[in-house]
Structure formats: C-alpha cells, structure tokens
Amino acid sequence: MIQNLSARLKRFGLRLLTRPRLDLPLLLALFVLGCAGLATLYSAGNGNLSLVTGQAARFVLGGLLLVVISRIPPPVLRSWTPWLYLGSTALLVVVAVLGEGRGAYRWLDLGVMRFQPSELLKLTMPMMVAWYLHPRQLPPSWKDIIVVGLLIAVPAGLIAEQPDLGTALLVAGAGAFALFLSGMAWWRIGLLVGAVGAAIPVAWQFLHEYQRNRVRTLLDPESDPLGNGWHIIQSKIAVGSGGVFGKGWQHGTQSRLEFLPEHTTDFIFAVFSEEFGLVGVIAIMLLYAFIIGRCLWIAMNARDTYSRLLAGAIGMSFFVYVAVNGGMVAGILPVVGVPMPLISYGGTSAVSLLTGFGVLMSIHANRKLHD
C-alpha cells in the first residue's frame, strides 16, 4: 500500500513538472500591475518601506501559489472542489465563534499571521457552482438554479453576518457569474434580477445603520461633509485635482496631508489618480481590460464545462472588483470594503487573486496540452 501511494505521488509530481508553461501575456500584465501597485503604495504610504515589503511578500506568496496551482490539471482541481468549498465554509463558522476584527469579526489569528477566510470563498464559490453544473445538462433547470442558489446563499449569509456586506455580495456575484455563463435563458435571468430588485426594500430593513448611512451619503455627501461624507468628498477632490497628467509621483497632497482616509487601502486608487491624472487612469484601465479580456479568452477556449464556467466567473469577478472600487473612489457607488486589485494594500486579497489566476493558468495549460 505504501509503495502504491509512493508511486502515485511520484507520477503526480512528474505530471506537475512536465505541464506546459504559464500564460506569459497574462503573467506579464499581472507583473506590470503589481509593480504599479507597489510604486503607488510607496507614494501613498509616504515612503513607508514596511508597507511595500509587506505587500511584496504577499505578491511573492501569491506568485508561488500561482505557479503551483497552474501545474495542477483541472480534473484534479474539480475533484478537490467540494472539499475546498466545505472547508472554506466551515472556516466561516469558526470565524463566527473565534474571529476578531475592528468592528466586525472577519479574521482568524494564526499567530504568525491573520487570515480572512472569506477571501477563500471568492475562489471556491465559483469552483463549486462550476463543479455542480459540470455533469448536468445545460442550460440549467429551475431545480439546478435553486440548488446553486442555496450553495451561494449559505456562505454569503455567513459573511454578511460578520458583518461584511461588500465581500458577501462579491462572493455571491462570483457564484452567480458561473450560473449566468451556463447558458441561462434571458427571461430566466430577467426574472431572477427582478426578484433581487423586489427584495431590496426588505433587505434594507436588515442592514446595519452604518451600511444605510453609506447609501444615504452617496446620494448627498455634502449633508455630512465632516462625518459620513468625508471619504467621498476627499476622494473626489483627489481624483479631480489630478487633472490630465497628474501632479507627479510622490507629489499628491490629499494623502500626504492626511485629508484622504484609507489612502493605502480602499482609496489608494484616488492617490494614483491624483498623481498620474487621466492619462495614468486610462493606462491602468487598459491594463485591467487586457487582463479581463485574457481571462475571458481562456474561458472561451476551455476544454470542458467546469473549466469554462470557472475561468469566465474569475474574469467577470475581477471586472467587478475594478468597477466597484473605481466607482467608489469616483463617488458614484457607496463606500464598501472592496480593494483595487493588486494595488490596494493589506489583507489576503492579493494572495487570493493570484491563486485564482493560478487556476486560470491551469485551464490554459490544459488546453495547450491537448492542442
């Protein structure tokens, strides 16, 4: 039995080492984006090297996970999916009991580092939906749609209870994207969107007061300029003062004079906009667009349903992260804790993002292997 296990591990290791190369265009785009993020973080942190080295360490860890996961064939990832989903959901229960945080219980203290289990669901959620739909006839029936809805609702509800409504919506969206890409009829999509819209007044009653204030502040930030409206007002000032060409790297005033709150995390893109202006914003958005387009191209060329749904959901989720943070910084969306991918500092978001791109690399490698 031991010899058989050893032989299987040896075959698995050889298969990992002989897998095709990484998707170089996507890898290069991620590298350029990471470098831009570190440069922006250095400026936003007023030259604080500890912030930069901490973020760089996350990039290195995420990059290592990307390389390792990219060499795991999609069928193996598919076989692991239910256990990854159940494990990450169980960790949310542990957070509810033992978690810690600032005003919300979102983190587990592992001694050497703090870990946010909800970040895992950003990947394991679309993996689970893709796993469930993979062997079934598509487009999905109402029964399958209901089952997928339950798979999404349980972890999303646990995350919302922390409370972390922003992450809960992102996790739910990641699962919904996989369902959307399964070929649902538009009339069914319309019914589901209408049902969600009809539920908004009910959901409003269950929001915390600070969450309601964020929506009210979006509509009229000047009603409380020194309180709830401060974030949006200062962010819009930073974005607008950058003009066309920006004030130059390390010459932004909103962050350096401490007017802009959370200028290394949620609002770091306002710092980027102030220092690099409209030209810089267009350049970074083109880079984001290339990454998203590459994700969708990998999805289109995937060899099976699981890979296609998962790759497409990862790409569309990445688009939502960029759109939500950009809209928040520009003052057209409520303030939520959604970081700008690979630019904002902190947490485990960079690691989870790069892990997700490792899955995409695996899907891409599997296509090349069979071409």
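General remarks:
- None of Asp144, Asp164 is over 30 Å from Arg303 (Cβ atoms) and acidic (Asp, Glu) except Asp164.
- Residues of the stretch 66-87 that turn out to be more than 14 Å from His134 (Cβ to Cβ), open to solvent by 60 Å² or more (accessible area, probe 1.4 Å) and part of a helix (DSSP H, G or I), as a count: 5
- Members of the stretch 30-45 that are in a helix (DSSP H, G or I) and surrounded by 17 or more Cβ atoms within 10 Å (Cβ to Cβ): Leu30, Leu33, Gly34, Ala36, Gly37, Leu38, Ala39, Thr40, Leu41, Tyr42, Ser43, Ala44
- Flag if Leu310 is in a helix (DSSP H, G or I) and either without any contact (Cβ under 8 Å) to a residue 24 or more places away in the chain or under 25 Å from Gly45 (Cβ atoms) (or both): no
Rundown of residues vs (1) modelled with pLDDT of 90 or more; (2) closer than 20 Å to Leu310 by Cβ, yes/no style:
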site	(1), (2)
Val338	no, no
Gly347	no, no
Gly358	yes, yes
Met361	yes, yes
Arg367	no, yes
Asp371	no, yes
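- Take the conditions (1) free of Cβ contacts under 8 Å to residues at least 40 places away in the same chain; (2) open to solvent by less than 60 Å² (accessible area, probe 1.4 Å); (3) part of a loop (DSSP other than H, G, I, E, B); His263 misses just one of them, which is (1).
- When the residues of the stretch 298-316 are filtered to those that are open to solvent by 10 Å² or more (accessible area, probe 1.4 Å) and under 17 Å from the mean Cα position of the chain (by Cα), the one that is nearest to Pro126 (Cα to Cα) is Ile314.
The values are calculated or read from the model by the stated rules, or taken from the named source; none is laboratory data. Since we're looking at a predicted model, the values are computed, not measured. Positions of Cβ are backbone-derived with ideal geometry, glycine not excepted, and every protein chain shown enters the neighbour counts. Remember, those area values only see protein heavy atoms, side chains included, never the ligands or the DNA or RNA. Shrake-Rupley method; radii C 1.70, N 1.55, O 1.52, S 1.80 Å.
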